[in-house]
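J.: Take this structure, written in structure tokens, and hold onto it; I'll ask about it next.
The values are calculated or read from the model by the stated rules, or taken from the named source; none is laboratory data. Keep in mind that what you see is a predicted model, and the values were worked out from it rather than measured. Please note: Cβ atoms are built from the backbone with ideal geometry, for glycine as well, and neighbour counts cover all protein chains shown. Just so you know, the surface numbers come from the protein's heavy atoms only, side chains and all, with ligands and any DNA or RNA stripped out. Shrake-Rupley method; radii C 1.70, N 1.55, O 1.52, S 1.80 Å.
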Amino acid sequence: MKKDDNKNIKILYVEDDDVARENGVEYLENYFDNIYEAPDALSALKLYEKHHPHIIVTDIQMPKLNGLEFVRRIRENDKKVQVIVITAFSDKDYLFKAIELQLVKYLVKPVKEEEFEDALFSCVESIKDDSSNIVKFDEGIFFDMFNHILLHNEEIIKLRTKEIDFLTILIKNKDRYVTYIEIENYVWKDSSMSKDALKTLVKNTKSKIPKDMILNLSGTGYKIAL
């Protein structure tokens, strides 16, 4: 991710720990020119109203106002701003609340530099594509492409690596049929894909989402009906 490509993107960093906030801003300066920082969510709300950032990075546990409540207030009028939530807790309740708020990347402390960079890159991609990493399959069924989580009525449905990759490539190309060659290269990578293996993958994936969502065009490939 090159800084020049992000020169028009504004980012708001919210963290109550002064040292952590200073380090975070210093890291973000490697990728962005327009960075605003706040020590708490109430100050962040004022900065948001003034600057209208494209990306918000926020801690959850903060004084004055909880990070998720801060995001919820933003979401009342803004469904597109990208949000990275950082927390010391891996509690599922936090994850469910974060996903409910849409367009959220959820990272658990201590956050690795590679994970943070991936989250930022995903936000930038979503901004440029005008898309979300949270995909709604049906009422109560969501797939989080960034965190690789499938939720069904607030229950996490376990997905195998190939199932995650299969859903991801279909969603990224939702307007067309993805060819068998593309699926083999993306899902099986350096291995070869047999017809039986693909058939099993499709069957297993369909069992975890609404079955009529995955369409097949004989001789061509698969498409997801979103």
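J.: If the label point is 7 Å along Cα→Cβ of GLU125, which residues in segment 1-15 have backbone nitrogen under 18 Å from it?
T.: 1-3, 5-6
J.: Same structure, new question: Taking the Cα-to-Cβ direction at LYS136 and at LEU215 and moving 7 Å from each Cα, how far apart do the two end points lie in nm?
T.: Those two pseudo-labels are separated by 2.1 nm.
J.: Another question, if that's okay. Can you list the HN-Hα couplings for segment 50-57, worked out from phi with the Karplus curve (6.51, -1.76, 1.60; θ = phi - 60°), rounded to whole Hz and with x for Gly and Pro?
T.: Whole-Hz 3J(HN,Hα) from phi for segment 50-57: 7, 10, 6, x, 8, 10, 10, 10.
J.: Which length gain, in nm to one decimal place, applies between ASN153 and GLU49 when the Cα-Cα distance is subtracted from 0.36 nm times their residue separation? Can you show the working numbers first?
T.: On the way: separation 104, 0.36 × 104 = 37.44 nm, distance 3.35 nm.
34.1 nm is the gain from fully extending ASN153 to GLU49.
J.: Got a sec to turn the phi values of segment 32-45 into Karplus ³J(HN,Hα) couplings, 6.51 cos²θ - 1.76 cosθ + 1.60 with θ = phi - 60°, whole Hz, x for Gly and Pro?
T.: Karplus values, whole Hz, x for Gly and Pro: 9, 8, 9, 10, 10, 10, 9, x, 7, 6, 5, 5, 5, 4.
J.: Can you give the accessible area of LEU215, probe radius 1.4 Å, in Å² rounded to 10?
T.: About 60 Å², ignoring ligands and nucleic acids.
J.: Distances over 22 Å make up what percent of all Cα-Cα pairs in the chain?
T.: Details: 13890 of 25425 pairs.
Every Cα pair in the chain considered, those over 22 Å come to 55 percent.
J.: A follow-up question, please. Pull out the extension gain between ASN34 and PHE89, defined as 0.36 nm times the separation in residues minus the alpha carbon to alpha carbon distance; nm, one decimal.
T.: 16.9 nm
J.: Still on this structure: May I ask for the Kirkwood hydrodynamic radius of segment 137-176, worked out over all distinct Cα pairs and given in angstroms to one decimal?
T.: On the way: mean 1/r = 0.0944 Å⁻¹.
By the Kirkwood definition, the hydrodynamic radius is 10.6 Å.
J.: Compute the accessible area per residue over the chain, keeping the other protein chains in place, probe 1.4 Å, unit Å².
T.: Per residue, the chain has an accessible area of 55 Å².
J.: Please list, ordered by chain and number, the residues whose modelled amide H lies under 5 Å from the amide H of ILE60; skip anything fewer than 5 residues away on the same chain.
T.: Answer set, sorted by chain and number: ILE86, ALA88.
J.: Would you kindly derive the ³J(HN,Hα) couplings of segment 212-225 from the backbone phi angles with the Karplus curve 6.51 cos²θ - 1.76 cosθ + 1.60 (θ = phi - 60°), listing them in order in whole Hz, with x for Gly and Pro?
T.: Coupling constants for segment 212-225: 7, 7, 9, 10, 10, 10, 3, x, 10, x, 10, 9, 10, 8 Hz.
J.: Taking square-rooted eigenvalues a ≥ b ≥ c of the alpha carbon gyration tensor, is segment 1-47 rounded, prolate or oblate, where a/c under 1.5 means rounded and, failing that, a/b exceeding b/c means prolate?
T.: The shape class here is oblate.
J.: Leaving out same-chain residues fewer than 8 places away, which lysines sit with a Cα under 20 Å from that of LYS208?
T.: LYS92, LYS136, LYS158, LYS162, LYS172, LYS174, LYS199, LYS223
J.: Could I ask something else about it? Where a ≥ b ≥ c are the square roots of the eigenvalues of the C-alpha gyration tensor, would you call segment 1-109 rounded, which needs a/c under 1.5, or, failing that, prolate if a/b is larger than b/c, or oblate?
T.: Rounded is the answer for segment 1-109, as its axis ratio a/c remains below 1.5.
J.: Still on this structure, please answer the following. Just the Cα atoms of segment 154-226: what Rg and Dmax do they give in Å?
T.: 11.6, 37
J.: How much accessible area does THR87 have with a 1.4 Å probe, in Å² rounded to the nearest 10?
T.: 0
J.: Helix-only mean residue ellipticity at 222 nm, the chain, DSSP H runs n ≥ 4 weighted -39,500 (n - 2.57), per residue, nearest 500. What is it? Walk me through the numbers before you get to the answer.
T.: Numbers: 8 runs with 85 residues, N = 226.
Rounded to the nearest 500, it is -11500 deg cm²/dmol.
J.: Still on this structure, I have one more. Tell me the Kirkwood hydrodynamic radius of segment 84-165 in angstroms, computed as one over the mean inverse distance between distinct C-alpha pairs.
T.: 13.2
J.: Right, something else. Provide the gained length on full extension for the span VAL111 to LYS189, in nm with one decimal, where the gain is 0.36 nm per separating residue minus the Cα-Cα distance.
T.: Numbers: separation 78, 0.36 × 78 = 28.08 nm, distance 2.77 nm.
Answer, rounded to one decimal: 25.3 nm.
J.: Just to verify a number: what accessible area does GLU163 come out at with the full protein assembly present, 1.4 Å probe, Å² rounded to tens?
T.: Surface accessible to solvent at GLU163 totals approximately 0 Å².
J.: Can you tell me what share of the DSSP beta bridges in the chain is antiparallel? A percent to the nearest 5 is fine.
T.: Approximately 45 percent, going by the DSSP bridge assignments.
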